[in-house]
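Inspection log for the structure reproduced underneath, given as structure tokens.
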Amino acid sequence: MVNRAPRGDVLIVEDDPALREVYGEVLAGEGFGIRLAANGHEALALLSAEPEVPCMILLDLRMPGMNGWELADRLRETARWQDVPIVVVAAHYLVADEAVRIGAASWLQKPVTLDRLVAAVRGACAPLGGAA
Amino acid sequence: MAKAPSDVRPATRTKGRKPRTDRAANKTTGHGWVASAEQLYLVLQEAGDAITVVDMSGELRYANKAAASAMGFEEPDEAVRLPRKELMAHFELLDADGRPLPEEALPGRRAQREGSAAEALVRFRIRATGEERWSLVRPTVVRDADGQPQFVISSFHDVTALKATERRLTLLADAGSILGKAVDYQESLNELARMVVPDLADWCVVDVVEPESGLRRVAVAHEDPSLVELAEEVQRRWPSNIEEGATGEVLKTGEPLLLPIISEEQLVAAARDEEHGSHLRALGLTSVVILPLIARERVLGLFTLVRSDESRAFRDDELPLLGELAARAGTAVDNTRLLHEATEAVRLRDDFLAIASHDMRTPLAAILGYLQLALRRAHKAEDPGGQKLVEYLSAAEGMAGRLTDLVADLMDVSLLRSGRPIALEPVEIEIGLVAERLVDAHRKLARTHHFVLAHSQPVTVLADLRRFERVLDNLLSNAVKFSPAGGEVRVTVDQKGGTARVRVKDHGLGIPKDDLPELFTRYRRASNVAGVRGTGLGLAGSREIMRQMGGDIEVTSREGKGSTFTVTLPIVGQ
């Protein structure tokens, strides 16, 4: 799913395949390049395989394998990825607090409307993507 | 004996109903007779109160029939014959708390010593029968012409029945106040056990039936702590089997069991081995009552009382009082269990709601997402049927949106009820517009009420829109619900200092003054949760949400005049 997108690439880390597909479709429609991962391990593998750093990461928290909290910790430990903005999209009841804890740029509580999702991704990618 | 016999004259009965003066009555009426010494002796002998005469050396010289019977003798002579020491050995003298009383403290002794003494309450136990008596004793010192004391007359008025009633009432009242505050029954049963020892029994033991683990000992009381330790050791080393023996029988039948005297043979038979037997002997298990703790026809445990002194063996006539105590203890155990179960059930329900609403979010998010995606495509499609498709998808998206709101409300309510915070999404909102939209919606629903909105200038705040709407919606619904006769509901949006205010004023039932302090502190109606409008937030939840947003809700109300609820929020940029 990797392509040269005018607005930059978005890494979507979400264990639910339906949500991954919906997020991917709508963001691709908005002109973002899409990378999909079902958990933290897959996300790290994708990041390491690509020389290009994504403009933002859309991150779920509760996932089997490596969860969102662990992935955020690993990203902060690596110079290359530590400044990539994270937007947390989770059903967690304290999603706002958790987002602050892992240093995310912003957060959305599931279920989200696609308009708000697009707005949040544009906001996070604006410095890299240029015209929003 | 104030008057000499010569002052007492015989009189004959006169008939007729005319009112008479006292003087006339004295002369002509009454049953006056001159008493002979024998008659006076009879009077003394047969008097209802006990009367004794003790000489100055302390020996009993006279006792009437009531005195003899009070001391546990058939005939007065049996008592008078005995030397003082032997006579006193028949009794155990006690103070009001049941502790030994020295003989010198008796009113008669004090009168003898000091020349006079006030009347006093004396409690004593007849050793032979174990029977306990209370008497109000009034001593009088009789002197000769030179003023030398000759002997002491004591009159005893038996107040045993009165005292028993009084003690019963006190005991039950004390037990009631201990058990009434029971939040933790273990603690109150311990307190109850300590209260009945040593007055009612030397030992008090309470066991409670646990649904899974059998009998659990919750209280052991004895005046001597080393004996309590011994009892605990016995229980640890030789735990009682609830299927067997006396305890098993009481648990099975729900009937109290009275073992007036436990013989050495019975003790040996009950002991598992010699060491167990010697331990049991050391505990002093002489007389035992085992009462069931019963509530709602179930045996919840055992209330066991033990007396170590054979002379104080339990009697049948004590069972009603003891049964009453056990019944109260049973009710206390039952109540605290019910309270605990109810609290636990509410907690489980709230946890379930929180988890269920959380788990519903992911599939809902996907449904909503697919619908929105499809809608975007349908908008772009050139297909002539596209317009219809947009219509269907919009309707489905609207429904999914409503379902999402319901799930979100459910989650809010369950989080707030279990005291956890909710994740707010604050945005800038103009509360006048929000109020206008909600008032319009309510205007359409409630035709009997007249809604007035006063909103002069825009007031912008930072708030979670959906939650703020829920709070306001709740207040408008309440205004309608609690003014059943209809009338005006006035909504005023304004600002005061740096604070935005929305006031909702109705002219309904109002809130009783006593209810005002509790209005925001508890969830009044759990049934609201599944309400059609999906709020279920209640005033407690509303206040919690407003406070999490940096605002508050307050109320002023007069019963019968109506209520005004005021929602406040800090204004942006102030």
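The values are calculated or read from the model by the stated rules, or taken from the named source; none is laboratory data. Computed from a predicted structure; not experimentally measured. We place every Cβ from the backbone using ideal geometry, glycine too, and count neighbours over all the protein chains shown.
All of (1) surrounded by 13 or more Cβ atoms within 10 Å (Cβ to Cβ); (2) basic (Lys, Arg); (3) over 16 Å from residue B:133 (Cβ atoms) hold for residue B:65 with one exception: (3). Note on the range B:232-325: enclosed strands (runs of 3 or more DSSP E) holding 3 or more residues that are touching a strand residue (DSSP E or B) at 6+ places or on another chain (Cβ under 7 Å) and in contact (Cβ under 8 Å) with a residue 40 or more places away in the chain are B:287-295, B:298-307.
Would you check if there is a residue in the range A:65-74 being without any contact (Cβ under 8 Å) to a residue 40 or more places away in the chain and surrounded by 19 or more Cβ atoms within 10 Å (Cβ to Cβ)? Yes. From the list B:322, B:338, which one is exposed (fewer than 15 other Cβ atoms within 10 Å of the Cβ), out of contact with any helix residue (DSSP H, G or I) (no Cβ under 8 Å at 6 or more places or on another chain), more than 14 Å from chain A (Cβ to nearest Cβ) and not acidic (Asp, Glu)? Only one candidate qualifies: B:338.
Would you mind stating whether residue B:278 is within 32 Å of the chain's Cα centre (by Cα) and on the phi < 0 side of the Ramachandran plot? Criteria not met by residue B:278.
Within the bounds of the range B:357-376, is there any residue that is over 24 Å from residue B:520 (Cα atoms), outside any helix (DSSP H, G or I) and of a type in the set (Phe, Trp, Tyr)?
Looking only at the range B:357-376, we keep the residues that are over 24 Å from residue B:520 (Cα atoms), and these are B:357-376.
With the extra rule that they be outside any helix (DSSP H, G or I), the set shrinks to none.
There is no residue in the range B:357-376 that is over 24 Å from residue B:520 (Cα atoms), outside any helix (DSSP H, G or I) and of a type in the set (Phe, Trp, Tyr).
Restricting attention to the range B:157-210, the residues being of a type in the set (D, E, K, R), part of a helix (DSSP H, G or I) and closer than 19 Å to residue B:330 by Cα number 5.
Report whether or not residue B:263 is at pLDDT 90 or above, small (Gly, Ala, Ser) and out of contact with any Gly (no Cβ under 8 Å at 6 or more places or on another chain).
Numbers: at pLDDT 90 or above: no; small (Gly, Ala, Ser): yes; out of contact with any Gly (no Cβ under 8 Å at 6 or more places or on another chain): yes.
So residue B:263 fails the test.
Take residue B:376 and decide whether it is basic (Lys, Arg) and surrounded by 13 or more Cβ atoms within 10 Å (Cβ to Cβ).
Numbers: basic (Lys, Arg): yes; surrounded by 13 or more Cβ atoms within 10 Å (Cβ to Cβ): yes.
Yes; evaluated as a whole, the condition is true for this residue.
Which ones in the range B:307-318 are surrounded by 15 or more Cβ atoms within 10 Å (Cβ to Cβ) and out of contact with any Phe, Trp or Tyr (no Cβ under 9 Å at 6 or more places or on another chain)? Those that are surrounded by 15 or more Cβ atoms within 10 Å (Cβ to Cβ) and out of contact with any Phe, Trp or Tyr (no Cβ under 9 Å at 6 or more places or on another chain): B:311, B:312, B:313, B:314, B:318.
Among the residues of the range B:220-231, the ones that are more than 19 Å from residue B:208 (Cα to Cα) and in contact with a strand residue (DSSP E or B) (Cβ under 9 Å, 6 or more places away or on another chain) come to 1 in all.
Residues checked against (1) closer than 26 Å to residue B:311 by Cβ; (2) β-branched (Val, Ile, Thr); (3) in the same structural domain as residue B:307 (by TED's automatic domain parsing); (4) at pLDDT 90 or above:
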{"site": "B:187", "(1), (2), (3), (4)": "no, no, yes, no"}
{"site": "B:192", "(1), (2), (3), (4)": "yes, no, yes, no"}
{"site": "B:196", "(1), (2), (3), (4)": "yes, yes, yes, no"}
{"site": "B:222", "(1), (2), (3), (4)": "yes, no, yes, yes"}
{"site": "B:252", "(1), (2), (3), (4)": "no, no, yes, no"}
{"site": "B:259", "(1), (2), (3), (4)": "yes, no, yes, yes"}
{"site": "B:270", "(1), (2), (3), (4)": "yes, no, yes, no"}
{"site": "B:286", "(1), (2), (3), (4)": "yes, yes, yes, yes"}
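Restricting attention to helices (runs of 4 or more DSSP H) lying wholly within the range A:17-132, give those where 1 or more residues are within 14 Å of another protein chain (Cβ to nearest Cβ) and at pLDDT below 90. Show your work before the answer.
Values: elements: A:17-29, A:40-49, A:68-77, A:95-101, A:114-129.
Counting at least 1 such residues, we get A:17-29, A:95-101, A:114-129.
The residue list A:31, A:65, A:40, A:24 contains one member that is touching a Pro at 6+ places or on another chain (Cβ under 7 Å) and small (Gly, Ala, Ser), which is A:31. So, in the range B:414-455, of the ones that are in contact with a strand residue (DSSP E or B) (Cβ under 7 Å, 6 or more places away or on another chain), away from chain A (no Cβ under 14 Å) and more than 17 Å from residue B:504 (Cβ to Cβ), which residue ends up surrounded by the fewest Cβ atoms within 10 Å (Cβ to Cβ)? Here the residue is B:428.
The set of residues from the range B:109-147 being more than 30 Å from residue B:314 (Cβ to Cβ) and crowded, with 20+ Cβ neighbours inside 10 Å comprises B:111, B:112, B:117, B:139.
The listed residues are B:332, B:378, B:365, and the only one of them that is among the small types (Gly, Ala, Ser) and more than 14 Å from chain A (Cβ to nearest Cβ) turns out to be B:332. Given B:416, B:389, B:375, B:475, which one is modelled with pLDDT under 90 and within 46 Å of the chain's Cα centre (by Cα)? Exactly one residue qualifies, and that residue is B:416. Going by the conditions given, is residue B:150 among the polar types (S, T, N, Q) and either loosely packed, with under 13 Cβ neighbours inside 10 Å or in the same structural domain as residue B:261 (by TED's automatic domain parsing) (or both)? Criteria met by residue B:150.
Within the span defined as the range B:368-391, one or more residues are in contact with a helix residue (DSSP H, G or I) (Cβ under 9 Å, 6 or more places away or on another chain) and within 20 Å of residue B:410 (Cβ to Cβ). Here residue B:396 clears all of (1) away from every other protein chain (no Cβ under 12 Å); (2) under 54 Å from the mean Cα position of the chain (by Cα); (3) touching a residue at least 12 places away in the same chain (Cβ under 8 Å) except the condition numbered (2). Condition check for residue B:360 on (1) within 14 Å of chain A (Cβ to nearest Cβ); (2) out of contact with any Leu (no Cβ under 9 Å at 6 or more places or on another chain): one failure, at (2). Of all the numbered requirements in (1) part of a loop (DSSP other than H, G, I, E, B); (2) among the β-branched types (Val, Ile, Thr); (3) modelled with pLDDT of 90 or more, residue B:535 misses one, and that requirement is (3).
Considering only the range A:42-73, state which residues are more than 30 Å from residue B:411 (Cβ to Cβ) and over 14 Å from the mean Cα position of the chain (by Cα).
So in the range A:42-73, the residues more than 30 Å from residue B:411 (Cβ to Cβ) come out as A:44-55.
Once the filter is applied, which keeps residues that are more than 30 Å from residue B:411 (Cβ to Cβ) and over 14 Å from the mean Cα position of the chain (by Cα), the range A:42-73 yields A:45, A:48, A:49, A:50, A:51, A:52.
So, of the residues in the range A:99-121 that are touching a helix residue (DSSP H, G or I) at 6+ places or on another chain (Cβ under 9 Å) and among the charged types (D, E, K, R), which turns out to be surrounded by the fewest Cβ atoms within 10 Å (Cβ to Cβ)? If we take residues in the range A:99-121 being touching a helix residue (DSSP H, G or I) at 6+ places or on another chain (Cβ under 9 Å) and among the charged types (D, E, K, R), then A:115 is surrounded by the fewest Cβ atoms within 10 Å (Cβ to Cβ).
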